[in-house]
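Visitor: First the structure, then my questions, so here it is.
The values are calculated or read from the model by the stated rules, or taken from the named source; none is laboratory data. These numbers were taken from a predicted model, which means no experiment stands behind them. Cβ coordinates were reconstructed from backbone atoms using ideal geometry, including for glycine residues, and neighbour counts include every protein chain displayed.
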Amino acid sequence: MGNLEAMKPFPDSEEMEISFGPQHPATHGVLRVMVKLDGERIVDAKPVIGYLHRGTEKIFERETYNGAIPHTDRMDYTAAATNNQGLVGAVEKMMGITVPPRAAYIRMILAELQRIASHTIWLGTHALDIGAQSPFFYTFEEREKILDLYEEYCGARLTLNAMRVGGQPYDLPEGWSGRCRTFIDQFPARIAEWERLLTTNRIWKLRTVGVGVISAENAVEWGLTGPPLRGSGVKWDIRKVFPYDHYDDIDFEIPIGGNGDTYDRYLVRMEEMRQSVRIVQQCLARLPEGPVMAKVPKVIKPPKGELYFSVEGPKGELGYYVVSEGGANPYRLHVRPACFINLQALPEMVRGQLVADLIAVIGTLDIVLGEIDR
Amino acid sequence: MSDQQNVPPQAPSAPQAPAAPKAPWEEKPVTPVPQDARDHALVREIVAVLPDVVLEAVEFAGQITATVPCARIGEVCRTCKERLGYSFLVDLTAVDWQERPQGRFDVVYWVHRFSDSKRLRLKVNVAEGVEVPSVTGVWKVANWMEREVFDMFGIYFSDHPNLERILTWEGFNGHPLRKDFPIEGIDTGAAVYPEVYPPGGGPVAGGEGE
Amino acid sequence: MANPWVAFLLVPLVKIVVILGVVILLAAYLSFFERKILAYMQIRIGPNRVGPRGWLQPIADALKLFVKEDILPSRAEKLVYMLGPVLVTAPALVVFSVIPFGTGFTLFGAQVTPYLTDVNIGILFILGVSSVGVYGIILGGWASNNKFSLMGGLRSAAQLVSYEVPMGFSVVAVLLMANSLSLVKIVEAQKSAGVWFVFPGLVAFFIYFVCGVAETNRNPFDLPEAESELVAGFHTEYSGMKFAFYFLAEYANMIVISSIATVLFLGGWLPPFPSWLAGVWASPVFTWIPPVIWNAGWFVVKVFAFLFVYIWFRGTFPRYRFDQLMALGWKVFIPVSLVNLVAVALGVLLIGGPR
Amino acid sequence: MSFWGFLASVLPLELAQGLSVTGRFFFKRKATIQYPEVKPVPKDRFRGMFGFSEERCIVCHSCAKACPIDIIHIADHFEEVEVEGKKRKKKVLDRYDIDVKRCMFCGLCEEACPTEPVAIWLTTKSYETAAYERNERLYFTKERLQSWDGVRAYPGVVTPAEGQMPGDPTGGSGEPER
């Protein structure tokens, strides 16, 4: 960038290639998108990733199973609890461990709070990308309250490391469920406030309706999961299809969209936050007494075999593929990163649209580079 | 819910369940055992369409793994998608079995069917240097997944539209997830301030990392 | 005033210095107010470390920008690159020469007007001069030799060209009502009409205000510097004092647009409802205030109300997309302002009757 | 959804509605914490700076094994100690180093510690460990771990240097509740 040669149009076209990122205010980290532009219209976009690659899967191979949990925190760092949940769920399933119900409920509470926290970040940054500044601060205020709850539960705010194979390392502190309920009960009013700011706003609708459209067939073809898939109208949620923990006891809806555009994905995520509120309320209401840790051996050694276990992360299906040789370390621990696969559809979604739409689509995919690059 | 078949039944969520028999979480866990799954319905479906592709079928913790010949994976995947309804490729990855005689790598495909929410794992054994037929023509999503496998394991996929490194940079020496790639990493020539911070970490001379 | 040269040279010079100083200081403090107001809308406190409650923050910012290294991109067109900030700042400041802040008053026995000059084509002068500012943005964006800057410059050019037209039409509506191009006369026309032009010209006022937001590249029309799309738009490569000039020009332009809106639609220095509430304004509660303070005070209050709304907009709205912005300008504002112009003309004709 | 869409198309007041939301926030209580003057109160389980007690440590290396990134370096030797007239071999700590600059504060070392109360713990509430030089200043030997040289203790936290904290891994006494 920045030299006159590069700025000359291609010999027989009016196209200009421009590099969005890796340092760019709207690429949510170190994503780089090589965009070919015709004026403001995107001819082609090519995401370039890997700037945050830390070899997490290689690191997993030398860790014990519990020692791998802090590393999962750092993949999708906005959703550490669901990351943990996926890994411990995989190992527990492999070892045939049944988690005590109290621990399972605590996990569900943490995971749903995490979904809310992740979606609040998404809303804030997405709105910021589209130009509305204030929602960013409003959503982060709410997120801080969730992080406070996390800090009280496990001592960390972002990288929780809050789950262990076999259950939960800690029981809930005194009064935690009350404070959690206080937060959860006031939260729908806040969602309504944000919706007052955005949902009917004509500029917001102009910027999101019909932008980044992906049909249901295409969404499946591109392997989208999570809100991008549901926004296209596919009613599919791991929590319903392959219920883990005790999600089958909980009553909640899966919101879906119809058009598969950015606005639908926005509405889906807003509704998902409300559903998460419902789930947390139900979990708190039925939170059983009892131990939080199952009887597990001191050294976690799953049997020889391979297993894939996935949870519904805030970004989509987060899967863990564990290959064990019977040792204390995983032979191979592969992560199916939802963001990585969702991002792949970016060129499909932005082709023929404008530069501003690229930003909106990056925002609506809700990518976290920590998970994409691992 | 094929996923959940071999798992012990979930504990009742009622908090004050009579605890006369030990609760499942207080007992020693029953580990799932791999079983032959040639007679499993999902495998039979494939066999009914393509009779000779399933070399081996294992069920572990409710998940079916069917091993198919490497050269026919494209055909199997296309059949799975078009005739058996596995329209969704959930995951594609590889495992390095460094010392295994029959092919060093496993390439693992994990496909999903929406109609009855069944999942099936397809696996091929690949020797080093053997090209695997790409499934990008079957599922578009396989593109980046195969690039990642190529990047991390050095497995080549034939007919892939754009087989480049994806997470490491072009020209990176080695394939990080191979078992013979050192876990502490290799010298890529990208050291940061080596004259200020000598390799080895902490300031205790010669005392690091024992 | 024995020496006519004093009135001819010294008085305008003093006025220039005063106006420039006040405007630049105001622009600097406007950035402070913006940060504070935005912060308060975003449940933050905003700058509060420099000086008491942060009141010296603009000074600190200016000092920092002064001493900051001035980076010149190696592949930039040097002359044009340096000309850009000048071209954008100078017109923004020149415009203040014709803006009337109040009526004339007597100081040391001499008649002094609290504005530099009253040109009889004042509004035309303003429209003409302020349009020059766009060259600074385009040239700066082009000369930076950065694709983001170039796109920012292009967007700015298109935006200004599109929005100048409806803005001009809405100004013309006021001119029809005031029957003059002189800003002072326009205010006096509002005084004699007894009503601010915002009421008969509500549509024109609305169009002018929205176009003003677009002209100053403010949210929701801040596409030329759309942070999340174009990094910083046309001033991506600028740093130090040159950046400060762009910054200054943006805020000065905001003040300009607000001042013109005040003059054209809100009766300039007139208190609200000058004729209906004339009795109130003439009561001894207010008459002790010196008229110059009284007039300028109303002016400043109105300008600040505008500026507050500007900032409020910025805190609330998402940004338009480029094509939507163009569509809004060409498909909505220009036809509406044209229709409004005809309506206003008819109204003036019918109410005014045959002359 | 369609209802909202319909409503929005009928009422063109949604922009004013948005303005009213931000306008209301203008008068709300602000969330800012003036950090160096006002310090947020960490919760009781907050995983802050390390605490270490040499006399509790039994040199079992559990923490070093549990550490996911191997930043705890322990070296020991056996010493003959006379306990109640019998000669016993006892492990003596030579070196207990934590490379805090790489620490991710996961707390697994504390969980692995078998002593009661634990000899290595993280819940000391102190988080101000910033340093200008990371290799030297954020490398904590056992002496520095116990003296907390270079760590600003959270108000109310008893540093290991000012006497041990038997039985109270939080190290604090009477912290203000939030």
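Visitor: Look at segment C:296-355 and say how many of its residues are surrounded by 14 or more Cβ atoms within 10 Å (Cβ to Cβ), hydrophobic (A, V, I, L, M, F, W, C), within 14 Å of chain A (Cβ to nearest Cβ) and free of Cβ contacts under 8 Å to residues at least 40 places away in the same chain.
Guide: Residues that pass the stated criteria total 2.
Visitor: Assuming C:ASN217 fulfils every condition listed in (1) surrounded by fewer than 22 Cβ atoms within 10 Å (Cβ to Cβ); (2) assigned to a loop (DSSP other than H, G, I, E, B) apart from one, which condition is it?
Guide: Going through (1) surrounded by fewer than 22 Cβ atoms within 10 Å (Cβ to Cβ); (2) assigned to a loop (DSSP other than H, G, I, E, B) one by one, C:ASN217 breaks only (1).
Visitor: Right, next: Cβ-Cβ under 6 Å, sequence separation 6+ or interchain: first residue in segment A:115-144 and under 16 Å from A:ILE359 (Cβ atoms) and more than 9 Å from chain C (Cβ to nearest Cβ), partner of a type in the set (Phe, Trp, Tyr) and surrounded by fewer than 21 Cβ atoms within 10 Å (Cβ to Cβ). Which pairs?
Guide: The qualifying pairs are A:GLY124/A:PHE136; A:GLY124/A:PHE140.
Visitor: Right, next: Go through segment A:178-260 and tell me which helices (runs of 4 or more DSSP H), entirely inside it, have 1 or more residues that are more than 24 Å from A:VAL88 (Cα to Cα) and modelled with pLDDT under 85. Can you show your working first?
Guide: Details: elements: A:202-208, A:216-221, A:227-231, A:238-241.
Fully inside segment A:178-260 and qualifying: A:202-208.
Visitor: Pull up segment A:291-339, narrow it to residues that are at positive phi and crowded, with 19+ Cβ neighbours inside 10 Å, then point me to the one that is farthest from the other protein chains (Cβ to nearest Cβ).
Guide: A:GLY316
Visitor: Just to be sure before I move on: is B:GLU99 free of Cβ contacts under 8 Å to residues at least 24 places away in the same chain and of a type outside the set (Phe, Trp, Tyr) in the structure I sent? If you could, list the steps in order and put the result at the bottom.
Guide: On the way: free of Cβ contacts under 8 Å to residues at least 24 places away in the same chain: yes; of a type outside the set (Phe, Trp, Tyr): yes.
When the stated conditions are applied, B:GLU99 passes them.
Visitor: Can you tell me which residue among C:VAL198, C:VAL171, C:VAL161, C:VAL203 is of a type outside the set (S, T, N, Q), buried (at least 19 other Cβ atoms within 10 Å of the Cβ) and in a helix (DSSP H, G or I)?
Guide: On the way: C:VAL198 fails: in a helix (DSSP H, G or I); C:VAL161 fails: buried (at least 19 other Cβ atoms within 10 Å of the Cβ); C:VAL203 fails: buried (at least 19 other Cβ atoms within 10 Å of the Cβ).
Checking each option against the conditions leaves just C:VAL171.
Visitor: Tell me which of these C:ARG53 doesn't satisfy, since it passes every other one: (1) buried (at least 16 other Cβ atoms within 10 Å of the Cβ); (2) over 23 Å from A:PHE136 (Cβ atoms); (3) within 28 Å of the chain's Cα centre (by Cα).
Guide: With (1) buried (at least 16 other Cβ atoms within 10 Å of the Cβ); (2) over 23 Å from A:PHE136 (Cβ atoms); (3) within 28 Å of the chain's Cα centre (by Cα) applied to C:ARG53, the lone miss is (1).
Visitor: (1) under 30 Å from A:GLY131 (Cα atoms); (2) touching a Lys or Arg at 6+ places or on another chain (Cβ under 9 Å); (3) surrounded by fewer than 17 Cβ atoms within 10 Å (Cβ to Cβ): which one isn't true of A:THR262, the others all being true?
Guide: Failed condition: (3).
Visitor: Which of (1) away from chain A (no Cβ under 11 Å); (2) in contact with a Ser or Thr (Cβ under 8 Å, 6 or more places away or on another chain) is the odd one out, the single condition D:ALA112 does not satisfy?
Guide: All conditions are met except number (1).
Visitor: Search segment D:4-16 for residues being exposed (fewer than 15 other Cβ atoms within 10 Å of the Cβ) and modelled with pLDDT of 70 or more, and hand back the single one that is nearest to A:TRP194 (Cα to Cα).
Guide: Among those residues, the one meeting the criterion is D:ALA16.
Visitor: Hey, could you check segment A:221-270 for residues that are among the acidic types (Asp, Glu) and in contact (Cβ under 8 Å) with a residue 12 or more places away in the chain and say which is nearest to B:LYS118 (Cα to Cα)?
Guide: The selected residue is A:ASP237.
Visitor: Turning to a different aspect of this structure: Do the conditions hold for B:VAL132, that is, is it within 16 Å of the chain's Cα centre (by Cα) and either touching a residue at least 40 places away in the same chain (Cβ under 8 Å) or within 13 Å of chain A (Cβ to nearest Cβ) (or both)? Working first, answer last.
Guide: Numbers: within 16 Å of the chain's Cα centre (by Cα): yes; either touching a residue at least 40 places away in the same chain (Cβ under 8 Å) or within 13 Å of chain A (Cβ to nearest Cβ) (or both): yes.
Yes: the conditions hold for B:VAL132.
Visitor: Let me ask another. Which condition breaks for B:LEU163 when tested against (1) modelled with pLDDT of 85 or more; (2) surrounded by fewer than 22 Cβ atoms within 10 Å (Cβ to Cβ)?
Guide: Result: B:LEU163 fails condition (1) only.
Visitor: Moving on. Could you grab me the full set of residues in segment C:220-269 that are within 14 Å of C:GLY152 (Cα to Cα) and either in a helix (DSSP H, G or I) or more than 11 Å from chain A (Cβ to nearest Cβ) (or both)?
Guide: C:LEU223, C:PRO224, C:GLU225, C:GLU227, C:SER228, C:GLU229, C:LEU230, C:GLY233, C:PHE234, C:HIS235, C:TYR238, C:TYR246
To keep it simple, each residue is scored yes or no on (1) touching an Asp or Glu at 6+ places or on another chain (Cβ under 9 Å); (2) among the basic types (Lys, Arg); (3) over 28 Å from C:MET326 (Cα atoms).
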| residue | (1), (2), (3) |
| --- | --- |
| C:SER170 | no, no, no |
| C:VAL203 | no, no, no |
| C:ARG218 | yes, yes, no |
| C:PHE234 | yes, no, no |
| C:LYS242 | yes, yes, yes |
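Visitor: Quick one: which of C:GLY240, C:GLY194, C:GLY201 is farther than 30 Å from C:TRP298 by Cα and out of contact with any His (no Cβ under 9 Å at 6 or more places or on another chain)?
Guide: Only one candidate passes the filter, namely C:GLY240.
Visitor: Is it the case, given these coordinates, that A:GLY50 is more than 14 Å from chain C (Cβ to nearest Cβ), at pLDDT below 85 and more than 15 Å from the chain's Cα centre (by Cα)?
Guide: yes
Visitor: While we're here: Show me the helices (runs of 4 or more DSSP H) found entirely inside segment C:271-333 where at least 3 residues are modelled with pLDDT of 80 or more and closer than 28 Å to C:ASN219 by Cα.
Guide: Result: C:291-316, C:322-327.
Visitor: Does segment B:123-134 include one or more residues that are at pLDDT 85 or above and of a type in the set (S, T, N, Q)?
Guide: Checking segment B:123-134: at least one residue is at pLDDT 85 or above and of a type in the set (S, T, N, Q).
Visitor: Just to verify a result, which residue in segment B:110-160, among those that are β-branched (Val, Ile, Thr) and assigned to a loop (DSSP other than H, G, I, E, B), is surrounded by the most Cβ atoms within 10 Å (Cβ to Cβ)? I'd like the intermediate steps shown before the answer.
Guide: Applying the first criterion (β-branched (Val, Ile, Thr)) to segment B:110-160 yields B:111, B:124, B:126, B:130, B:132, B:135-136, B:138, B:141, B:149, B:155.
With assigned to a loop (DSSP other than H, G, I, E, B) added as a condition, the list becomes B:130, B:135-136, B:138, B:141, B:155.
Details: B:VAL130: 16, B:VAL135: 29, B:THR136: 21, B:VAL138: 25, B:VAL141: 25, B:ILE155: 25.
Looking at the filtered set, the residue picked out is B:VAL135.
Visitor: Could you list, in sequence order, the residues of segment D:25-60 that are assigned to a loop (DSSP other than H, G, I, E, B), more than 29 Å from C:ILE45 (Cβ to Cβ) and away from chain A (no Cβ under 14 Å)?
Guide: Matches in segment D:25-60: D:SER53, D:GLU54, D:GLU55, D:ARG56, D:CYS57, D:ILE58, D:VAL59.
Visitor: In segment A:81-114, which residues are of a type in the set (Gly, Ala, Ser) and either more than 8 Å from every other protein chain (Cβ to nearest Cβ) or within 15 Å of A:ARG164 (Cβ to Cβ) (or both)?
Guide: A:ALA81, A:GLY86, A:GLY89, A:ALA90, A:ALA103, A:ALA104, A:ALA111
Visitor: Another one. Right, B:VAL68: at pLDDT 80 or above and in contact with a strand residue (DSSP E or B) (Cβ under 9 Å, 6 or more places away or on another chain) or not?
Guide: yes
Visitor: Yes or no: A:GLN186 under 29 Å from A:TYR308 (Cβ atoms), more than 18 Å from the chain's Cα centre (by Cα) and more than 7 Å from every other protein chain (Cβ to nearest Cβ)? I'd like the intermediate steps shown before the answer.
Guide: Values: under 29 Å from A:TYR308 (Cβ atoms): no; more than 18 Å from the chain's Cα centre (by Cα): yes; more than 7 Å from every other protein chain (Cβ to nearest Cβ): yes.
Spelling it out, it is not the case that A:GLN186 is under 29 Å from A:TYR308 (Cβ atoms), more than 18 Å from the chain's Cα centre (by Cα) and more than 7 Å from every other protein chain (Cβ to nearest Cβ).
Visitor: Output the residues belonging to segment D:63-97 that are more than 8 Å from every other protein chain (Cβ to nearest Cβ), closer than 24 Å to D:GLU110 by Cα and of a type in the set (Lys, Arg).
Guide: If the condition is that a residue be more than 8 Å from every other protein chain (Cβ to nearest Cβ), closer than 24 Å to D:GLU110 by Cα and of a type in the set (Lys, Arg), then D:LYS65, D:LYS90, D:LYS91 are the ones that fit.
Visitor: Here is a further query. Among the numbered conditions (1) buried (at least 17 other Cβ atoms within 10 Å of the Cβ); (2) away from chain B (no Cβ under 14 Å); (3) of a type in the set (Val, Ile, Thr), tell me where A:ILE214 comes up short.
Guide: Failed condition: (2).
Visitor: Does D:THR22 satisfy the condition of being part of a loop (DSSP other than H, G, I, E, B) and closer than 28 Å to A:GLU144 by Cα?
Guide: Here the answer is no, as D:THR22 does not meet what is asked.
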